[in-house]
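Student: Shown below is the structure under consideration.
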Amino acid sequence: MSDFKNKVVYQVYPKSFQDSDGDGVGDLRGIINRLDYLKELGIDYLWLTPVFSSPQKDNGYDISDYCKIEPKFGTMQDLEELIAEGEKRGIGLMLDMVFNHTSTSHEWFQRALKGEKKYQDYYIFKEGEPDRIPTNWESKFGGPAWEYVPALHKWYLHLFDVTQADLNWENPEVREELKNVIRFWKEKGIKGFRFDVVNLISKPEVFEDDLEGDGRRFYSDGPRVHEYLKELVRDTGIEDMVTVGEMSSTSLRDCIRYSAPKEKELSMCFSFHHLKIDYKDGNKWELMEPDRRALKDLFEKWQLQMQENHGWNALFWCNHDQPRIVSRLGNEGRYWKESAKMLATCIHLMRGTPYVYQGEELGMTNPHYQKVSQYRDVESLNYYEILLREGKSEEEALKILAARSRDNSRTPMQWSGEKNAGFTEGSPWIEVPDNYDRINVERERADEDSILSYYKKLIALRKRSRVVSEGSIAFLESENEKVLAYRRDYGEESIVVLNNLVADEIEIGTDRAWEGYQKIVGNYADSDIKKDVIKLKPYESIVLER
Ligand code: GLC
């Protein structure tokens, strides 16, 4: 397995990162122009969400050709240049492989629709009558997970949008096609891969109604998923590359298997349980105050079990599907800066590989859109309708979207205080948040105390400190739900990390775990550290080293 323990990954959502040609949509040339910024930040890998040919119903997660570049984003030459320019700066490119489904515009699906049996076997088609849906499963974007094709007299499965048809991994030809996609990109010099919802690829043998839920228990971490991953990795020779699987509604047990080196599946996994701690009864569309007790318990459980069983975590708060963390668990007002730095500290110094999502390093916030016309995401637009149908008022539905929409993280990267935050000369495909004059790269780059400067420190710390990249982890202050505290050890080296998760002042002192330690990083200039007690200021983080 490649050495990814002291590495940091940066995620770019190309559509919103940097536009170079004034059409309002970010592109590959824009990313090339910003590589020096990423180098300055200190990152090792750049994960690009899909830039392949796509009708863009789900912003590229609906792929119509895995080996071509979507013209909106640029050309193959641009991508090759990005690989080469990245390499010059020590940044490896990771591509996003969406192998659970293709766009219905993909040639395979189109040929299936024309009646070619071979390609019908590439997807999950079920013979049947239009009034008898094969199962009651729900699409993750709302509505039924099956669509009827009258001309074929068949239904097809789509766990996501109706234009994203699930592939049939039972078919060895499908698996071979997908291996060829990996081989193609590996050949081009790609250094790693992110696999989209890859724990959903293995469907059950029998398709039946889910009487308890939306169907996910039948296909999440499905029966042959480990076998398929092993085969894919072995046959494409990517064991030594950095690979991360996005695991939807997964189990800890499975994540250990996906990421333990001896299994030869993936380097690490994204799991999402810690980002559901503000979902009421597990429902994303019902608002609730974050349950910090649950958050702490999840971190402890996952960190310790992964450690014990040699699994590896992808550490993250933000991505293109999640609202901005500072708006969610931090404080956008008085403690904006402190809370953004504190949240970064929590993640970056745990055991695993940290991911930074574009703009997170600036403390970018949710945009607080007021009208439904400001939203672009297919999921948000579907759920807006669903919420109204369920009887919510427009106001309530908008409040929910403002907290939960995936568009919260898809707003343009805030480069400067200039027009459109320096993202585009044209008119941006999605509105820029109002606060770009205050929160932007230009300002934060010039400020040693900025959130950006703090991220640079955390990233540099991982590079120089084996205790951060390789050390063991143990948790402190387990009973205190307002503090996330842990200790990392590697040989004689040791650090203690204390994070106040809330705006209250908090005293800690029970185990005096910091005796003989010195503060090396923190989000306040002065900390109140006494022999017996530490007083943490609102959202304060303190990193101590022995
Ligand atoms: C993943 C992606 C998300 C996409 C979905 C379907 O969850 O992160 O953006 O909509 O898969 O491909």
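Student: For residues in the stretch 238-248 being open to solvent by 10 Å² or more (accessible area, probe 1.4 Å) and within 11 Å of the ligand (Cβ to nearest atom), which is nearest to Arg217 (Cα to Cα)?
Tutor: In this case the residue turns out to be Ser248.
Student: To continue, here is another question. In the stretch 27-53, how many residues are open to solvent by less than 10 Å² (accessible area, probe 1.4 Å), within 16 Å of the ligand (Cβ to nearest atom) and touching a Ser or Thr at 6+ places or on another chain (Cβ under 9 Å)?
Tutor: Residues flagged as open to solvent by less than 10 Å² (accessible area, probe 1.4 Å), within 16 Å of the ligand (Cβ to nearest atom) and touching a Ser or Thr at 6+ places or on another chain (Cβ under 9 Å) within the stretch 27-53 amount to 1.
Student: Of all residues in the stretch 348-403, count the ones that are small (Gly, Ala, Ser), over 16 Å from the mean Cα position of the chain (by Cα) and closer than 25 Å to Lys337 by Cα. Spell out how you get there, then give the answer.
Tutor: Of the stretch 348-403, the ones small (Gly, Ala, Ser) are 352, 359, 363, 373, 380, 391, 393, 397, 402-403.
Narrowing further to those that are over 16 Å from the mean Cα position of the chain (by Cα): 363, 373, 380, 391, 393, 397, 402-403.
Next cut, closer than 25 Å to Lys337 by Cα only: 363, 402-403.
The qualifying residues number 3.
Student: So, one more: Going through the stretch 426-460 one residue at a time, which ones are among the aromatic types (Phe, Trp, Tyr) and under 22 Å from the mean Cα position of the chain (by Cα)?
Tutor: Keep residues of the stretch 426-460 that are among the aromatic types (Phe, Trp, Tyr), which gives 429, 436, 454-455.
Within the stretch 426-460, Trp429, Tyr454, Tyr455 qualify.
Student: Scan the stretch 303-321 residue by residue and report those that are of a type in the set (S, T, N, Q), in contact with a helix residue (DSSP H, G or I) (Cβ under 7 Å, 6 or more places away or on another chain) and not in a loop (DSSP other than H, G, I, E, B).
Tutor: Selection gives Gln305, Asn313.
Student: Now for a different question. For the stretch 135-201, give me every one of the strands (runs of 3 or more DSSP E) that falls completely inside it and has 2 or more residues that are under 27 Å from Met94 (Cα atoms).
Tutor: Once the strands (runs of 3 or more DSSP E) in the stretch 135-201 are filtered for at least 2 residues that are under 27 Å from Met94 (Cα atoms), what remains is 164-166, 192-195.
Student: Shifting gears a bit: I'm trying to understand the selection: among the residues of the stretch 331-365, which are open to solvent by 10 Å² or more (accessible area, probe 1.4 Å) and part of a loop (DSSP other than H, G, I, E, B)?
Tutor: Matches in the stretch 331-365: Asn331, Glu332, Gly333, Arg334, Tyr335, Arg351.
Student: Right, here's the next one. Give Glu361, Glu394 a once-over and let me know the one that is free of Cβ contacts under 8 Å to residues at least 40 places away in the same chain, farther than 17 Å from Phe270 by Cα and away from the ligand (no atom under 16 Å from the Cβ).
Tutor: Glu394
Student: Another question about this same structure. Count, please, the residues in the stretch 297-324 that happen to be more than 16 Å from the ligand (Cβ to nearest atom) and either surrounded by fewer than 18 Cβ atoms within 10 Å (Cβ to Cβ) or within 22 Å of Arg462 (Cα to Cα) (or both).
Tutor: Total meeting the criteria: 17.
Student: With the stretch 444-546 as the region, which strands (runs of 3 or more DSSP E) entirely inside it contain at least 3 residues that are open to solvent by less than 20 Å² (accessible area, probe 1.4 Å) and closer than 18 Å to Met350 by Cβ?
Tutor: Working: elements: 472-476, 483-490, 493-500, 506-508, 518-522, 534-536, 541-545.
So the answer is 483-490, 493-500, 541-545.
Student: Another question about this same structure. So which residues in the stretch 219-237 are open to solvent by 10 Å² or more (accessible area, probe 1.4 Å), free of Cβ contacts under 8 Å to residues at least 40 places away in the same chain and assigned to a helix (DSSP H, G or I), if there are any at all?
Tutor: If the condition is that a residue be open to solvent by 10 Å² or more (accessible area, probe 1.4 Å), free of Cβ contacts under 8 Å to residues at least 40 places away in the same chain and assigned to a helix (DSSP H, G or I), then His226, Glu227, Lys230, Arg234 are the ones that fit.
Student: Take the stretch 116-132 and flag every residue that is of a type in the set (D, E, K, R) and within 32 Å of the chain's Cα centre (by Cα).
Tutor: If the condition is that a residue be of a type in the set (D, E, K, R) and within 32 Å of the chain's Cα centre (by Cα), then Asp121 is the only one that fits.
Student: Tally time: how many residues in the stretch 156-187 are open to solvent by 20 Å² or more (accessible area, probe 1.4 Å), away from the ligand (no atom under 16 Å from the Cβ) and in contact with a strand residue (DSSP E or B) (Cβ under 8 Å, 6 or more places away or on another chain)?
Tutor: Looking only at that region, the number is 2.
The values are calculated or read from the model by the stated rules, or taken from the named source; none is laboratory data. Small disclaimer: the values here were computed from a predicted structure and weren't measured. Neighbour counts run over all protein chains shown; Cβ positions are idealised from the backbone, glycine included. Side chains included, ligands, DNA and RNA excluded: accessible areas come from the protein's heavy atoms. Shrake-Rupley method; radii C 1.70, N 1.55, O 1.52, S 1.80 Å.
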